[in-house]
Amino acid sequence: MFLIVTKYLIPKGYHGLALFPFVFIKFSVDKENMVFLNHEKIHLRQQLELLIVPFFIWYFIEYFVRVAQYKNADLAYRNISFEREAYANESNLEFLKKRPFFSFFNYLFLEK
């Protein structure tokens, strides 16, 4: 994982963006935030599992499906299966050591 601090690539309201093998962060202070970095590392693992480009295709398709479902962009974002997995496990710094392959599937059909 390579950390790059750039306030210009990160959309408003977000602190970071994972694009294998990079994690772009808006604020230098987040380099020390282990929970935040773990969240982004979970996304890097998801991207590897789906061979990067299919991950982003799936991510955006699921986002638009969730927007239609929830009629709310923030709620749609938070209910993308990849985000559900990352948010649910970001505080568990040991998660990636034991994470089953394709475990984001467990978060695909959960209701919020």
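Values in this text are rule-based calculations from the coordinates and carry no lab data. Because the structure is a prediction, the values reported are computed rather than measured. Here the Cβ positions follow ideal geometry from the backbone for every residue, glycine too, while neighbour counts run over all protein chains shown.
Taking a threshold of 30 Å on the Cα-Cα distance, which of the pairs K31/K71; K31/K97; K12/K97; K12/K71 fall above it? Too far apart for the 30 Å limit: K31/K71; K12/K97.
List the DSSP H helices in the chain whose Cα atoms stretch 24 Å or more along the helix axis and whose mean Kyte-Doolittle hydropathy is at least 0.0. Each step should come with its number before you reach the end.
On the way: long enough: 53-70 (25 Å, 0.93).
Helix filter hits for the chain: 53-70.
For the stretch 12-88, the relative contact order works out to 22 percent when only alpha carbon pairs closer than 8 Å and six or more residues apart are counted. Here the contact order of the stretch 54-112, divided by its residue count and restricted to Cα pairs under 8 Å and six or more residues apart, works out to 28 percent. The modelled label-to-label distance for the pair F2/Y70, using points 7 Å beyond Cα in the direction of Cβ, is 3.2 nm.
Dividing the summed -39500 (n - 2.57) terms of all DSSP H runs of n ≥ 4 by the residue count of the chain sets its mean residue ellipticity at 222 nm at -14000 deg cm²/dmol.
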